[in-house]
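One structure is given here, and the rest of the page talks about it.
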Amino acid sequence: MNKKVILGIVISVVLVWLSVRGIKLQDVLNDLEEIKLSCVFLFVLIMFSMQYLRSYRWGVILQPLEKIDQLSLFSVTCVGFLAIAAIPARIGELARPYLISRRSSITMSAALGTVIVERILDMLTVLAMAIIVLFFVDLPSWIVKSSIIFSLIALGVFGFIIFLIMRREAALKFINIILNRLPGKFANKIDELIHHFIDGLEIITNVRLFLYLLIISIVIWLMDVLAIYVLLQAFDFDLPVIAAFVAMIIVIIGIAIPTAPGFIGNWHYACVLSLGLFGLPRADALSFAVVNHFLSMALVLVFGIGFLPFNKFSISEMKKQMNNNG
């Protein structure tokens with residue numbers, strides 16, 4: 001863990017340097033002084049609505065297991081996103097499954113399966129948008145290659161999940177061959193966890209519901225594009241809507257890189273890179289990156305900390321819960 005944290009901090013420092021090199025601080029400050037507060041307010045409103053819709057979508061995914069009230073879903077989602085931003089090595093991803101298992105009869109491993117479904121929906125939606133964007137913008141080869149890699153990973157994971165669900169017995173039989181090499185008590189525990197995990201994936205077999213979730217996912221990511229475009233207008237940058245799509249896609253690729261908590265460095269460099277493709281000066285792109293990152297993280301912190309007293313957790317508790325009974 002310590003090695004990953006140190007490596008993440010080093011990567012963040014390098015990316016921050018790449019983001020600010022050759023830029024005059026005064027140019028950035030001038031941009032910040034001229035920002036339109038009405039657009040900033042609209043950006044915050046859109047991002048809040050996006051977070052609320054995320055929690056609603058998760059509730060739809062969880063519904064076959066148990067119906068959870070919307071307030072609980074929203075509070076757990078906010079604390080979960082705080083954990084993802086604050087805890088290194090992506091361990092924060094376990095926060096939501098852990099917290100929802102404490103509020104319901106849903107096991108943590110089953111809840112983790114629903115989070116995997118969320119990630120698949122997000123990947124499919126963003127990749128579809130990326131493919132459409134390729135028809136309108138001549139993007140650098142590394143972005144195209146990254147999109148292809150993410151597409152293959154998404155299709156591979158999706159195919160494996162379909163196999164787990166549709167050929168459950170065959171999949172479990174194959175997994176048990178591996179588990180038989182482990183100590184009996186440990187093997188039985190993992191076998192139980194896998195069963196619960198597959199239960200959390202079952203919603204994929206409901207075609208109508210899955211399509212409904214895809215529509216919600218499209219709306220969520222279009223809202224993200226709209227928020228980025230609104231913030232670009234806050235600076236009076238004369239950029240097309242497609243620039244917001246490209247910025248969103250590259251930022252998503254960028255924050256996948258393990259860095260220091262809060263996505264410091266990779267978020268900023270991704271913004272500078274993406275907006276630079278449309279001829280925006282580096283100082284202007286960095287100004288946008290600073291505000292975009294600050295507002296996004298501020299929302300995560302405010303709502304996460306606000307709901308934290310009602311959703312307390314620790315890393316050791318999450319790991320213990322996963323190991324004990326899933």
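All of the numbers you see were taken from the coordinates with simple rules; none came from a lab. Bear in mind that the values here come from a model prediction, so they are computed numbers and not experimental data. Cβ: placed from backbone, ideal geometry, glycine included. Neighbour counts: every protein chain shown.
Between amide H atoms placed 1.01 Å from N, distances below 5 Å from ILE87 occur with GLY92, all of them 5 or more places distant or on a separate chain.
With the helix formula -39500 (n - 2.57) applied to DSSP H stretches of n ≥ 4, the chain reaches a computed 222 nm mean residue ellipticity of -26500 deg cm²/dmol. Packing here is the average count of other Cβ atoms within 10 Å per residue, and on that basis the peptides 22-34, 91-103, 210-222, highest first, run 91-103, 210-222, 22-34. Applied to the range 295-307, the Karplus parametrisation 6.51 cos²θ - 1.76 cosθ + 1.60 on θ = phi - 60° returns per-residue 3J(HN,Hα) values of 5, 4, 5, 4, 4, 4, 5, 4, 6, x, 5, x, 9 Hz, with x for Gly and Pro.
Relative to the Cα centre, the charge distribution of the range 1-48, modelled as +1 at Lys and Arg Cβ and -1 at Asp and Glu Cβ, gives a dipole magnitude of about 380 debye.
Which entries of LYS3/LYS173; LYS36/LYS67; LYS4/LYS145 have Cα-Cα distances beyond 30 Å here? Table pairs above 30 Å Cα-Cα are LYS3/LYS173; LYS36/LYS67.
Pick out, from LEU124, LEU82, ILE106, the residue whose Cα sits farthest towards the positive end of the charge dipole of the chain, with +1 on the Cβ of Lys and Arg and -1 on the Cβ of Asp and Glu. With unit charges placed on the Cβ atoms, the residue in question is ILE106. Here the dipole of the chain is about 1260 debye; that uses its Cα centre as origin and unit charges on the Cβ of Lys and Arg (positive) and Asp and Glu (negative).
Relative contact order of the chain, taken over Cα pairs closer than 8 Å and 6 or more residues apart, is 35 percent. Which of rounded, prolate, oblate describes the range 2-324, given a ≥ b ≥ c as roots of the alpha-carbon gyration tensor eigenvalues and a/c under 1.5 marking rounded, otherwise prolate only if a/b is larger than b/c? It is prolate, given that a/c is not under 1.5 and a/b is the larger ratio. Using C-alpha pairs below 8 Å separated by at least 6 residues, the relative contact order for the range 1-114 is 20 percent. Taking amide H as placed 1.01 Å from N in the peptide plane, ALA260 has its amide H under 5 Å from the amide H of ILE9, SER12, each at least 5 places away in sequence or on another chain.
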